[in-house]
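Trainee: Next up is a structure, given as structure tokens.
The values are calculated or read from the model by the stated rules, or taken from the named source; none is laboratory data. Everything numeric here is computed off the predicted structure, so don't read it as measured data. Here the Cβ positions follow ideal geometry from the backbone for every residue, glycine too, while neighbour counts run over all protein chains shown.
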Amino acid sequence: MESKKLPVLPVSAPPEGSVPHAPLGEGCFLGETQRPKAPKLREALATIKNWFRANSLWVMAYGTGCGSIELRPLTTARFDMERFGLAMRPTPRQSNVLIISGYLAVKSLKRVIRAYEQMPSPKWVVGLGSCTINGGMYWDSYNTINQLDLYLPVDTYIAGCMPRPEALLAGFGYLMEKIKKGEANGWHHYLENLDWYKENQKKVITAWDLPDYNW
Amino acid sequence: MPLATKILWSIVGVFGALAYGLAIGGVIRKVMARIQGRIGPPVWQPYIDLGKNLSLRTATHHGVMSFIAPIFRAAGGIGVFLLVPVVIGVPALENFSFSGDLLMVMYFIFFGSLGMALGAAEAGHPHSPIGISRGLAQMSSYELPFALAVVALAAQAGSFSIREIILAQQGGWLHWNLFANPLAAAAAFLAFLGMNMYAPFNIVGAPQEIPVGPPTEFNSQFLSLLMVGRATFAVAKIVLYMDLFLGGAHSLPEALVKTFLIYFWSIFVGAVFPRFRTEQSIRFFLGWPTLAGIAGVLLVIFSH
């Protein structure tokens with residue numbers, strides 16, 4: 001894959017108080033960083049908001065690869081993800097977490113980008129299985145991507161082939177802790193480096209017929 | 001009671017109804033989880049969901065009507081609640097009950113869904129109009145037994161005022177319309193199953209089918225406003241049913257117990273039934289519930 005030669009940007013927290021580069025103009029909401037008034041109050045409010053966000057994660061019910069088979073048991077009596085406020089939502093407009101469950105075909109990548117950009121901010125991506133990290137057993141396949149974070153900002157990886165539902169729950173727990181600390185800012189990174197992400201996406205999606213940003 | 005105090009109490013009442021409606025939603029999720037052998041979410045999960053939706057940001061818009069639709073929905077719920085007396089004898093909790101309020105309530109029950117229909121259609125997702133057309137079809141069919149039951153009660157009490165209907169039921173539980181006119185009560189309580197849209201009548205949301213139906217394209221603040229409308233509307237409906245069939249309430253605890261029991265009638269039915277198809281649902285409401293409603297009206301006419 002030609003994507004291997006691209007440099008990898010580290011996912012970092014947005015600089016405090018700065019107005020980030022907004023490639024999308026007025027319509028682009030980058031959260032609290034746009035209003036630098038009353039920092040103490042803003043910080044307290046952000047903590048409360050992050051607590052709400054972390055305890056009510058709605059997961060986009062969309063499976064890309066074989067890993068989605070491990071998502072289904074989470075709703076059953078044995079694993080019961082609803083205990084932690086996790087719920088499946090069938091529409092990107094109401095989801096907060098996008099799980100890339102296993103290998104991601106280039107054809108699916110187009111749909112995933114579309115779904116991801118339609119989700120309201122803040123939003124998080126979970127890479128499930130080794131396929132999202134280095135391609136896994138599909139590393140030399142002609143139509144799957146090998147490294148997910150070249151195309152979408154990943155907040156948490158859950159390694160394994162396949163990870164068990166327990167591992168998934170642990171991964172969600174890790175993501176929730178990260179959100180509560182305000183460290184899960186992949187969505188912010190995506191908007192800041194949109195040009196870089198779009199360049200990468202267009203390199204693998206040859207028949208590019210998407211708009212610049214899917215509202 | 002001066003009007004300003006009354007308005008203040010109504011605002012308190014609306015927030016109380018919202019809190020109660022959300023809590024009921026949490027208890028429902030817990031009960032359904034226990035029935036399925038799960039632990040289930042905490043009872044306060046709907047509050048967290050509401051707070052979460054309020055702390056999301058979006059720049060998406062689909063047009064004017066899709067902005068207004070959640071407001072219509074919430075206004076429908078709050079409108080019904082403000083017209084229905086919650087506790088009789090306590091002026092602060094009697095809301096704005098007047099002589100023709102039952103007709104007004106009947107209108108307001110439809111109002112929210114019509115606004116929602118316009119907004120959801122504008123959002124443009126194909127699942128929204130499908131859900132809306134199913135919802136309005138089901139609504140038209142359950143309105144018939146419900147309206148017949150209401151007409152029977154109004155004829156029985158000789159008034160279209162909810163307050164008068166409550167006062168006509170005083171003097172022991174056998175005077176409640178549930179027992180005084182069991183046919184009208186049967187029609188109305190079967191219509192209630194459709195009104196609440198739990199299984200077997202959950203054809204509007206229809207999980208796994210048209211995933212969430214009408215609110216498919218609504219997110220963040222719009223969705224939280226829809227949640228507010230849903231919670232207050234649920235409380236308004238059960239308070240209305242308590243007033244019409246269970247003799248109203250003389251104290252707040254009594255109101256809580258009665259409304260809780262009324263709501264859980266539809267939950268327990270929903271827990272054990274799969275989903276009807278649209279035409280089955282409509283056929284159901286135009287069958288036995290409507291016949292019971294007509295019989296209820298005839299009972300009143302011939303026994304007076």
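Trainee: Test B:PHE67 against the criterion of being part of a helix (DSSP H, G or I) and modelled with pLDDT of 85 or more, and give yes or no. Write out each step before concluding.
Mentor: On the way: part of a helix (DSSP H, G or I): yes; modelled with pLDDT of 85 or more: no.
Taking the combined requirement at face value, the residue does not satisfy it.
Trainee: Which of the numbered conditions does B:GLN138 fail, given that it passes all the others? Conditions: (1) within 16 Å of the chain's Cα centre (by Cα); (2) closer than 30 Å to A:GLN118 by Cβ; (3) modelled with pLDDT of 85 or more; (4) surrounded by fewer than 20 Cβ atoms within 10 Å (Cβ to Cβ).
Mentor: (4)
Trainee: Hey, can you tell me all the residues within the range A:153-185 that are in contact with a helix residue (DSSP H, G or I) (Cβ under 6 Å, 6 or more places away or on another chain) and closer than 27 Å to A:GLU43 by Cα?
Mentor: Passing the criteria: A:PRO153, A:VAL154, A:ASP155, A:THR156, A:MET176, A:ILE179, A:LYS180, A:GLY182, A:ALA184.
Trainee: Now for a different question. Can you list the strands (runs of 3 or more DSSP E) found entirely within the range A:88-162 that contain at least 3 residues being of a type in the set (Val, Ile, Thr) and in contact (Cβ under 8 Å) with a residue 40 or more places away in the chain? Quick ask: steps written out before the conclusion?
Mentor: Details: elements: A:97-101, A:124-128, A:156-158.
Per the criteria, A:97-101.
Trainee: Would you mind stating whether A:GLU177 is more than 14 Å from chain B (Cβ to nearest Cβ), within 14 Å of A:TRP124 (Cα to Cα) and part of a loop (DSSP other than H, G, I, E, B)? Even if it seems obvious, please write down each step before you answer.
Mentor: Values: more than 14 Å from chain B (Cβ to nearest Cβ): yes; within 14 Å of A:TRP124 (Cα to Cα): yes; part of a loop (DSSP other than H, G, I, E, B): no.
The answer is no for A:GLU177.
Trainee: What do you reckon, is B:SER220 within 14 Å of another protein chain (Cβ to nearest Cβ) and more than 21 Å from B:SER140 (Cβ to Cβ)? Let's see the steps before the verdict.
Mentor: Numbers: within 14 Å of another protein chain (Cβ to nearest Cβ): yes; more than 21 Å from B:SER140 (Cβ to Cβ): yes.
In short, yes.
Trainee: Being at pLDDT 85 or above and part of a loop (DSSP other than H, G, I, E, B) is the filter; apply it to the range A:65-78 and report the residue that is surrounded by the most Cβ atoms within 10 Å (Cβ to Cβ).
Mentor: A:LEU71
Trainee: In addition: What number of residues within the range A:106-132 are farther than 30 Å from B:LYS52 by Cα and touching a Gly at 6+ places or on another chain (Cβ under 8 Å)? Working first, answer last.
Mentor: Keep residues of the range A:106-132 that are farther than 30 Å from B:LYS52 by Cα, which gives A:106-107, A:130-131.
Then drop every residue that is not touching a Gly at 6+ places or on another chain (Cβ under 8 Å), which leaves A:130-131.
Within the range A:106-132, residues that are farther than 30 Å from B:LYS52 by Cα and touching a Gly at 6+ places or on another chain (Cβ under 8 Å) number 2.
Trainee: So, in the range A:181-195, how many residues would count as being part of a loop (DSSP other than H, G, I, E, B) and either within 20 Å of A:GLY127 (Cβ to Cβ) or touching a Gly at 6+ places or on another chain (Cβ under 8 Å) (or both)?
Mentor: Filtering the range A:181-195 for residues part of a loop (DSSP other than H, G, I, E, B) gives A:181-185, A:193.
Then keep just the ones that are either within 20 Å of A:GLY127 (Cβ to Cβ) or touching a Gly at 6+ places or on another chain (Cβ under 8 Å) (or both); that gives A:181, A:183-185, A:193.
Residues that pass the stated criteria total 5.
Trainee: Something else about it: Could you check how many residues of the range A:57-86 are in contact with a helix residue (DSSP H, G or I) (Cβ under 8 Å, 6 or more places away or on another chain), aliphatic (A, V, I, L, M) and within 12 Å of chain B (Cβ to nearest Cβ)?
Mentor: 5
Trainee: Quick test for you: out of A:ALA167, A:ALA105, pick the one residue that is among the small types (Gly, Ala, Ser), more than 27 Å from B:ARG38 (Cα to Cα) and either within 12 Å of chain B (Cβ to nearest Cβ) or more than 13 Å from the chain's Cα centre (by Cα) (or both).
Mentor: Values: A:ALA167 fails: more than 27 Å from B:ARG38 (Cα to Cα).
Answer to the check: A:ALA105.
Trainee: I'd like to know if the range B:233-245 contains one or more residues that are surrounded by fewer than 16 Cβ atoms within 10 Å (Cβ to Cβ) and over 19 Å from B:PRO70 (Cβ atoms).
Mentor: Of the residues in the range B:233-245, the ones surrounded by fewer than 16 Cβ atoms within 10 Å (Cβ to Cβ) are none.
For the range B:233-245, residues surrounded by fewer than 16 Cβ atoms within 10 Å (Cβ to Cβ) and over 19 Å from B:PRO70 (Cβ atoms): absent.
Trainee: Something else now. Is it the case that the range A:43-56 has a residue that's more than 9 Å from every other protein chain (Cβ to nearest Cβ), part of a loop (DSSP other than H, G, I, E, B) and either closer than 23 Å to A:ALA167 by Cα or at pLDDT below 90 (or both)?
Mentor: No, every residue in the range A:43-56 fails to be more than 9 Å from every other protein chain (Cβ to nearest Cβ), part of a loop (DSSP other than H, G, I, E, B) and either closer than 23 Å to A:ALA167 by Cα or at pLDDT below 90 (or both).
Trainee: Here is a follow-up. Is it the case that some residue within the range B:29-41 is at the interface with another protein chain (Cβ under 8 Å from one of its Cβ atoms), outside any helix (DSSP H, G or I) and touching a residue at least 60 places away in the same chain (Cβ under 8 Å)?
Mentor: No - not one qualifying residue is present in the range B:29-41.
Trainee: Could you please tell me which pairs satisfy a Cβ distance under 6 Å, a separation of 6+ or placement on different chains, a first residue in the range B:123-151 that is within 27 Å of B:LEU298 (Cβ to Cβ), and a second residue that is aliphatic (A, V, I, L, M) and not in a helix (DSSP H, G or I)?
Mentor: So the pair list comes out as B:SER141/B:LEU286.
Trainee: What number goes with the only condition from (1) crowded, with 20+ Cβ neighbours inside 10 Å; (2) touching a strand residue (DSSP E or B) at 6+ places or on another chain (Cβ under 8 Å); (3) of a type in the set (D, E, K, R) that A:LYS178 does not pass?
Mentor: Result: A:LYS178 fails condition (1) only.
Trainee: Can you list residue pairs whose Cβ atoms sit under 6 Å apart, with the first residue in the range A:196-215 being more than 23 Å from A:PRO120 (Cα to Cα) and at pLDDT 85 or above and the second being crowded, with 16+ Cβ neighbours inside 10 Å and of a type in the set (D, E, K, R)? Count only pairs 6 or more apart in sequence or on different chains.
Mentor: Matching pairs, first to second residue: A:ILE205/A:LYS110.
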